[in-house]
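Below is one structure, written out as structure tokens; comments come after it.
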Amino acid sequence: MSYLVTIGLEVHCQAKTSTKMFCSCRTSFADEPNTHTCPVCLGLPGALPVLNRHAIEKTLLAGLLVDCGSPEISKWDRKNYFYPDMPKNYQTTQMDLPLCLGGEVPLYDHCYPTDVRKNIPRPDLKVRLNRIHLEEDVAKSTHLGSSSIIDYNRAGTPLMEIVSEPDIESSAEAFAYISSLQMILRQGGISDADMEKGQLRCDVNISIRKNESDPLGNRIELKNLNSISAVRRAIDYEVERQSADLDQGIDQIQSTRRWDDDRGESQLLRTKEDAHDYRYFSCPDLLPIRTAPILEKVRPLLTERPHERATRYESDFSVTKYDAAVLSSDLPLATYFEALAANPKVPGKKAANFLLNNLLGLLNERTIAIADSPLSAEKTGQLLELVESGQLALNQAKEVLLTLLDAPDKDPAAVAKEMGFEPADAGELESFCDQAIEANPKQVGEIQAGNEKLVNFLTGQVMKLSKGKANPKQVTEILRGKLL
């Protein structure tokens, strides 16, 4: 039997700050274990926390990026529980007055898995947010069979918890949601959001039911999801597992399960606590804050969001919707494109095509990121100027590009000349065209009878006669003038 799937996500994202949430210890990754700690982040008796204003600013800015509102007053609470990775036996977090409320995350088409993009079930979906609250991260636990080790360097790192409403209906939508959110947070300067470094982590809540009119099924929470693809695999497995149970009349119990990606299965950890089990109460050591003055400070820092940038590219540069989405998906790529498109002699659409179809491919072959491209946008623009002026054919420009990547300081025109790509003399071109027409009377007759596609055949013949030096565009224009 098929069931309706309802999914909500809790995304934990480290805010990009130099120090921890409640102390001056440096935030770090892969440093010597337990070297960035103090009495505050170790939870020693008598140690008092101090708020990190940069973390608060980053969180409120994140809220603006996803259209959240904020309460007039926000405060901190204690969430009481014991785990070895939480040395105080409570976590300083936010319960009833978080920094950000509401909001939504648009799911970008190119953020869906590749096998879904051509047939997205619910296009233009926006996933509503419940809240974004700010808390402290826990230490990092590493399990070694019969023992575990704990690194407290991560304990106390500012951590935003971004809680969605249960608007997601499939693993593909969850995949797109996390990818879209990650893109927004990175481009907004909120976080590097690197899942491999633990800067972005995700808990998935899944329930299934038979009919739309039925109440939501008992919620199963999945933990230990350390990649976006693992989220997709875990959801698919869990939906299948719960469906099989319900088919056999086995009800689900609200619980937390661990995802084992190596074995491709989830395992029961514990039955799930409700909020009252954590005995929340207001933190006595931290004063509430007024959000309005901080929002006024960070609002000017609000950057253009990916979908806004894509819309502008379509409008200003006449690029396709797909190309605009790709160009806006990566900030260094967008920056390079805008610098290239700023050249008044190069149409934006042609700049986008050359960047996406030629330069990016060559850089990928060399495992070079666009941000580290040896060839500046200015030099690429000079190369495209030669194409626009008719001095170079596009295929010739591609060959020049290869040389420029190894010698980026060289002048594109000089490289083209060294490679023998000098424009053919107008009279010489006329002569080559006449020779091609004379040598191919059958094709000429068909062209004049209406088969204009064969002009490309004659263009190829002229290119051979010129030994590749002629500009195909110019040749085609001459041939059409003579025959049509």
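The values are calculated or read from the model by the stated rules, or taken from the named source; none is laboratory data. Small disclaimer: the values here were computed from a predicted structure and weren't measured. Cβ: placed from backbone, ideal geometry, glycine included. Neighbour counts: every protein chain shown. For the accessible areas, the whole protein counts, side chains as well, though only heavy atoms, and no ligand, DNA or RNA atoms are used. Shrake-Rupley method; radii C 1.70, N 1.55, O 1.52, S 1.80 Å.
Residue under question is Arg209, and the condition is that it be touching a residue at least 24 places away in the same chain (Cβ under 8 Å), in contact with a strand residue (DSSP E or B) (Cβ under 9 Å, 6 or more places away or on another chain), open to solvent by 10 Å² or more (accessible area, probe 1.4 Å) and farther than 21 Å from Arg258 by Cβ; does it hold? Criteria met by Arg209.
Where strands (runs of 3 or more DSSP E) fall wholly inside region 64-154, the ranges with 2 or more residues that are open to solvent by 40 Å² or more (accessible area, probe 1.4 Å) are 126-136, 140-144, 147-151.
Listed here are the residues, each with its yes/no results for (1) touching a helix residue (DSSP H, G or I) at 6+ places or on another chain (Cβ under 6 Å); (2) among the charged types (D, E, K, R).
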residue	(1), (2)
Glu430	no, yes
Cys433	yes, no
Gln443	yes, no
Ile447	yes, no
Asn451	no, no
Gly460	no, no
Ser466	yes, no
Val475	yes, no
Leu484	no, no
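Based on this model, can you work out whether Leu61 counts as under 30 Å from Pro300 (Cα atoms), open to solvent by less than 20 Å² (accessible area, probe 1.4 Å), in contact (Cβ under 8 Å) with a residue 24 or more places away in the chain and under 25 Å from the mean Cα position of the chain (by Cα)? Yes: the conditions hold for Leu61. Within region 414-431, being aliphatic (A, V, I, L, M), at pLDDT below 80 and not in a helix (DSSP H, G or I) holds for one residue alone: Ala424. Taking the options Gln435, Gln443, name whichever one is assigned to a helix (DSSP H, G or I), open to solvent by less than 80 Å² (accessible area, probe 1.4 Å) and either modelled with pLDDT under 85 or over 15 Å from Thr380 (Cα atoms) (or both). Result: Gln443 is the single residue among Gln435, Gln443 that is assigned to a helix (DSSP H, G or I), open to solvent by less than 80 Å² (accessible area, probe 1.4 Å) and either modelled with pLDDT under 85 or over 15 Å from Thr380 (Cα atoms) (or both). Taking region 453-479 as the range and being touching an Asp or Glu at 6+ places or on another chain (Cβ under 8 Å) and either among the charged types (D, E, K, R) or open to solvent by 80 Å² or more (accessible area, probe 1.4 Å) (or both) as the test, only Lys469 passes.
Looking only at residues of region 379-401 that are of a type in the set (A, V, I, L, M) and assigned to a helix (DSSP H, G or I), we find that the one that is most open to solvent (accessible area, probe 1.4 Å) is Leu394. Would it be correct to say that Gln448 is over 15 Å from Gly468 (Cα atoms) and in contact with a Pro (Cβ under 6 Å, 6 or more places away or on another chain)? The answer is no for Gln448. The number of residues in region 37-56 that are within 31 Å of the chain's Cα centre (by Cα) and either at pLDDT below 95 or open to solvent by 30 Å² or more (accessible area, probe 1.4 Å) (or both) comes to 3.
The numbered conditions (1) more than 13 Å from the chain's Cα centre (by Cα); (2) modelled with pLDDT of 95 or more; (3) open to solvent by 20 Å² or more (accessible area, probe 1.4 Å) are all true for Gln182 except (1). For region 355-378, the tally of residues that are more than 22 Å from the chain's Cα centre (by Cα), buried (at least 16 other Cβ atoms within 10 Å of the Cβ) and within 25 Å of Ser315 (Cα to Cα) stands at 1. Return yes or no: is Glu169 open to solvent by 40 Å² or more (accessible area, probe 1.4 Å), of a type in the set (Asp, Glu), modelled with pLDDT of 95 or more and touching a helix residue (DSSP H, G or I) at 6+ places or on another chain (Cβ under 8 Å)? No: the conditions fail for Glu169. Does Lys350 satisfy being of a type in the set (Lys, Arg) and more than 25 Å from Ser180 (Cβ to Cβ)? So Lys350 passes the test. Out of the residues in region 242-273 that are among the basic types (Lys, Arg) and within 14 Å of Asn205 (Cβ to Cβ), state the one that is modelled with the highest pLDDT. Here the residue is Arg257.
Of the residues making up region 13-51, those that are closer than 24 Å to Tyr81 by Cα, in contact with a helix residue (DSSP H, G or I) (Cβ under 9 Å, 6 or more places away or on another chain) and either part of a loop (DSSP other than H, G, I, E, B) or without any contact (Cβ under 8 Å) to a residue 24 or more places away in the chain (or both) are Ala15, Lys20, Met21.
A quick yes/no check of all residues on (1) among the β-branched types (Val, Ile, Thr); (2) under 25 Å from Tyr112 (Cβ atoms):
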| residue | (1), (2) |
| --- | --- |
| Ile190 | yes, yes |
| Asp203 | no, yes |
| Ser213 | no, no |
| Leu222 | no, yes |
| Leu225 | no, yes |
| Ser229 | no, yes |
| Ile235 | yes, yes |
| Gln242 | no, yes |
| Gln254 | no, no |
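Of the conditions (1) open to solvent by less than 50 Å² (accessible area, probe 1.4 Å); (2) of a type outside the set (D, E, K, R); (3) assigned to a helix (DSSP H, G or I), Tyr237 clears all except one; give me its number. Unmet condition: (1).
Entry remark, region 185-206: residues being assigned to a loop (DSSP other than H, G, I, E, B) and surrounded by fewer than 18 Cβ atoms within 10 Å (Cβ to Cβ) number 4 in total. If you take the residues in region 219-234 that are open to solvent by 80 Å² or more (accessible area, probe 1.4 Å) and not in a helix (DSSP H, G or I), which one is farthest from Val5 (Cα to Cα)? Checking each candidate, the answer is Asn226.
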